[in-house]
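The values are calculated or read from the model by the stated rules, or taken from the named source; none is laboratory data. The structure displayed is predicted, hence computed values, not measured ones. Heads up, the Cβs are rebuilt from the backbone with ideal geometry, glycines too, and the neighbour counts pull from every protein chain shown.
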Amino acid sequence: MITSPNLPGHRMTETSPGCRDPGGIILCRSVLDYPQLAAWALRIDAQYQALNEARQSEDAAAANLLVIAASERYVPTASSFTIGVVLSDEDLSALFSEINAKTAGAWIRDQLRNRVVCDLDQTWVRRQYAPKHYPPLHAPHGWHQDGALKFDFRSFPYGNFPSDALLPIVTCWIALDPCGAEAPGLELVTRRLDGLLAPAELTDESVRTRFTSQEFWCPVMEPGDALLFRGDILHRTHVTAAMTKDRTSIELRFFPANDLPPRLHEDRFTPF
């Protein structure tokens, strides 16, 4: 089942023909099934356990060594590592097949209107913790647009961003745990934007002032659900002091194969 936040009360089944979302966001239920999730979750949990032990010892170098083949990355402030740390090429192929078999895959291709590739250097396994569980250096994500990926805001201190500042990108955010209620999820602004907002416009106060309360959406998701959104969509980690559980997610970034952004020219891409 798919939920569109801009169409209140509207539901479409996976088999509905011509399913589109005019708002640039779509929530697809049960994109991945439990057996597949369970196998990957064991690997991911083992990786985080090793990382947390290294973090508790305050040995950042040891934490990095636990993760990393030369081509992979670990970001301690986001408790994230690139997907190649735990998923093989065969695993990724299986993941893409599952997404392509559902409406989620058709939505991605419809949005990018092209042959699609996945950026392996911008595809992550992420863990967000309940506030009382934060490890050293960890922080939730603030408001941002994924279309700002690698944009050099410092070169444009007065705004007037170039026409290609906002990347043609679709993010596919897959929950591996229940999230949005007892564990951190995502909060999104459902209104489409024409371009990038400057960093000064991304404070919570500025965002709350700019948009109406009806335009904020915090979906509650189950394991295997996938939230897909365009690069202009504002979003952040949704976390409250009352949350007691942690959440793990997979975050895939897709681009049109024949319109790859120059500022990502050093990244690794694989066909979707």
Next item on the list: Filter the range 165-196 for residues that are farther than 27 Å from Phe96 by Cβ and among the acidic types (Asp, Glu) and give the result.
Entry: Glu182, Glu187, Asp194
Notebook entry, point to check: Applying the selection to the range 231-272, what residues are small (Gly, Ala, Ser) and assigned to a loop (DSSP other than H, G, I, E, B)?
Noted result: Gly231, Ala241, Ala242, Ala257
Item checked: Filter result (more than 25 Å from Phe255 (Cβ to Cβ) and not acidic (Asp, Glu)) within the range 172-184 -> Pro178, Cys179, Gly180, Ala181, Ala183, Pro184
Note to self: For the range 195-211, check the following and say yes or no: at least one residue is without any contact (Cβ under 8 Å) to a residue 40 or more places away in the chain, part of a loop (DSSP other than H, G, I, E, B) and farther than 17 Å from Ala78 by Cα.
What the structure shows: yes
Next item on the list: Check the range 155-172 and report whether any residue there is surrounded by fewer than 17 Cβ atoms within 10 Å (Cβ to Cβ), part of a loop (DSSP other than H, G, I, E, B) and within 18 Å of the chain's Cα centre (by Cα).
Entry: no
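So which residues in the range 86-111 are hydrophobic (A, V, I, L, M, F, W, C) and crowded, with 21+ Cβ neighbours inside 10 Å?
Val86, Leu95, Ile99, Ala104, Trp107, Ile108
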Next item on the list: Return a yes/no flag: does the range 99-117 have any residue that is of a type outside the set (S, T, N, Q), in contact with a Gly (Cβ under 7 Å, 6 or more places away or on another chain) and under 24 Å from Arg263 (Cα atoms).
Entry: no
Next item on the list: Give the number of residues within the range 86-111 that are in a helix (DSSP H, G or I), more than 17 Å from the chain's Cα centre (by Cα) and aliphatic (A, V, I, L, M).
Entry: 2
Notebook entry, point to check: Just one of Ala241, Ala226 is among the aliphatic types (A, V, I, L, M) and surrounded by fewer than 21 Cβ atoms within 10 Å (Cβ to Cβ); which is it?
Noted result: Ala241
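Residue-by-condition table, conditions (1) more than 20 Å from the chain's Cα centre (by Cα); (2) modelled with pLDDT of 85 or more:
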residue: Cys28; (1), (2): no, yes
residue: Leu42; (1), (2): yes, yes
residue: Asp45; (1), (2): no, yes
residue: Tyr48; (1), (2): no, yes
residue: Ala54; (1), (2): yes, no
residue: Leu65; (1), (2): yes, no
residue: Tyr74; (1), (2): no, yes
residue: Ser79; (1), (2): no, yes
Next item on the list: For Asp194, work out the one condition from (1) touching an Asp or Glu at 6+ places or on another chain (Cβ under 7 Å); (2) modelled with pLDDT under 95 it doesn't fulfil.
Entry: (1)
Check: Tally time: how many residues in the range 238-272 are within 23 Å of Ile99 (Cβ to Cβ) and polar (S, T, N, Q)?
Finding: 4
Notebook entry, point to check: Taking the range 246-271, which residues are surrounded by fewer than 21 Cβ atoms within 10 Å (Cβ to Cβ) and touching a strand residue (DSSP E or B) at 6+ places or on another chain (Cβ under 8 Å)?
Noted result: Asp246, Glu251, Pro256, Ala257, Leu260, Pro261, Leu264, Asp267, Arg268, Phe269, Thr270, Pro271
